[in-house]
1. Residues of the range 194-225 being within 26 Å of the chain's Cα centre (by Cα) and either modelled with pLDDT under 70 or of a type in the set (Asp, Glu) (or both), which ones?
2. Out of the range 30-56, which residues are assigned to a helix (DSSP H, G or I) and of a type outside the set (A, V, I, L, M, F, W, C)?
3. Can you name the residue in the range 57-80 that is hydrophobic (A, V, I, L, M, F, W, C) and in a loop (DSSP other than H, G, I, E, B) and, of all such residues, is farthest from Glu146 (Cα to Cα)?
4. Limited to the range 109-153, what total is found for residues that are open to solvent by 50 Å² or more (accessible area, probe 1.4 Å), closer than 20 Å to Arg23 by Cβ and either in a helix (DSSP H, G or I) or without any contact (Cβ under 8 Å) to a residue 12 or more places away in the chain (or both)?
5. Could you check, for the range 130-144, whether at least one of its residues is within 21 Å of Lys75 (Cβ to Cβ) and among the hydroxyl-bearing types (Ser, Thr, Tyr)?
6. For the list (1) loosely packed, with under 12 Cβ neighbours inside 10 Å; (2) at pLDDT 90 or above, I need the number of the one condition that Gln25 fails.
7. Pull out all pairs, ordered by first then second residue, where Cβ-Cβ is under 9 Å, the residues are six or more apart or on different chains, the first lies in the range 154-170 and is more than 25 Å from Glu72 (Cβ to Cβ) and part of a helix (DSSP H, G or I), and the second is of a type in the set (Asp, Glu) and open to solvent by 100 Å² or more (accessible area, probe 1.4 Å).
8. Just checking, how many residues over the range 154-184 are open to solvent by less than 80 Å² (accessible area, probe 1.4 Å), polar (S, T, N, Q) and either modelled with pLDDT under 90 or over 30 Å from Lys196 (Cβ atoms) (or both)?
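The values are calculated or read from the model by the stated rules, or taken from the named source; none is laboratory data. In this text the structure is predicted, and so the values were computed from the model without any measurement. When we count neighbours, we look across all protein chains shown, and the Cβ atoms used for this are built from the backbone with ideal geometry, even at glycine. In case anyone asks, the SASA skips ligands and DNA or RNA and just uses the protein heavy atoms, side chains included. Shrake-Rupley method; radii C 1.70, N 1.55, O 1.52, S 1.80 Å.
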Amino acid sequence: MNNTTPFWEPDWKRVQAPLSALRRQLASFPSPPLRIMKVSQLDAELLDEELLETMKEQLWSAFALFKPSFKETFKPEMTLALNLIMYKFSVYDMGATYGSQLQNLIYRNERKHSGGLQSTSSDASLTKTQKITYGVVTVGGQYLMERLNRVVTAQGWGELPEDNIKRKAWNVLQKGGSIFRIVSLINFLAFLYAGKYRTVLERALSMRLVYSERNSNRQASFEFLNRQMEFLMFLMPLINVSKLKRNVKRMLLPAALMSGNELSALPVHICAVCHENNSASATPGTLTSTVIHNPYITDCGHVYCYYCIKTKMMIDDEWCCLRCGKKVDAIARHIEVAPDKALEEKTEDEHEQPEQEADEADEADSED
């Protein structure tokens, strides 16, 4: 009978004990830290949220023919089912969310990589306990909080007397939420410093995102970035930049600084809009006319050309006067009345005659 045992197997079994001792010694030595790009981890979280919102929209459209009350009543349950499906086929089966996979990231059990094993090329996969706990807290916890918030809001626990047990439970929930937000903030600051755990749950379960392929640190989705750029190019022309700038100035600057500009010192016969447009477009050394034509007066008491003021108000319904900074709500035709010298002289004479008669009466009284 031939011996089928390989020739190297006895030697391999004999060196197992020294190798185990060597591994334990390596774990005690310091190792270079494993650096994972923080932006990749944050982008993975954003991609997961956007994917979930897209799936929700598709799910709501499937129930478009149902009664609106049905969707509103069972919305938490439908969201729970969707989160369970996504969790099962992502974290539970593959050890990473879909957004993490797009960023070349995967969860590993960080408890197995303490000491000198932090930067080892072979990553320990998540245990079944870690996966189940992660799913229970993220999926089940989100459902319970949403249902609890609905009950609290519908029954008005926050408006009950202080000695009511429901009001006490509401106070506990509020304090618990505040404490959780503070802890999440501290954890996020620690993540910005070390770049290891994005959330409190990941830190508690020692679930760290690492590169699934060390040779390729980041896989950027340029198609997604191109869509974002196209959306911004479509959105930017719809934004009234001048209006936004004016509202920010109005919020930050006092009224005295808003009215104290160079246009407020222009002569009254000069149109501030014409002056501003010509100053911006005119070439040095050229003279342009900015005298008011067809004058119209605003409700704040300043005069402009009709074409200038009407165009500004049609473009921007919250246009502000260039001289005082106040919002212009209405305009009216400005009619300048020329002074009548003869009428002024007659009025002066009428004022002087009573004064002369009063003086003569005073003199007569003094003589008597």
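1. Glu202, Arg218, Gln219, Ala220, Ser221, Phe222, Glu223, Phe224, Leu225
2. Lys38, Ser40, Gln41, Asp43, Glu45, Asp48, Glu49, Glu50, Glu53, Thr54, Lys56
3. First pass over the range 57-80, keeping only residues hydrophobic (A, V, I, L, M, F, W, C): 59-60, 62-66, 70, 74, 78, 80.
Next, only the ones that are in a loop (DSSP other than H, G, I, E, B) stay: 63-66, 74.
Values: Phe63: 20, Ala64: 22, Leu65: 25, Phe66: 22, Phe74: 11 Å.
Selected residue: Leu65.
4. Result for the range 109-153: 4.
5. Looking through the range 130-144, at least one residue is within 21 Å of Lys75 (Cβ to Cβ) and among the hydroxyl-bearing types (Ser, Thr, Tyr).
6. Just one mismatch for Gln25, condition (2).
7. Arg167/Glu159; Lys168/Glu162
8. 2
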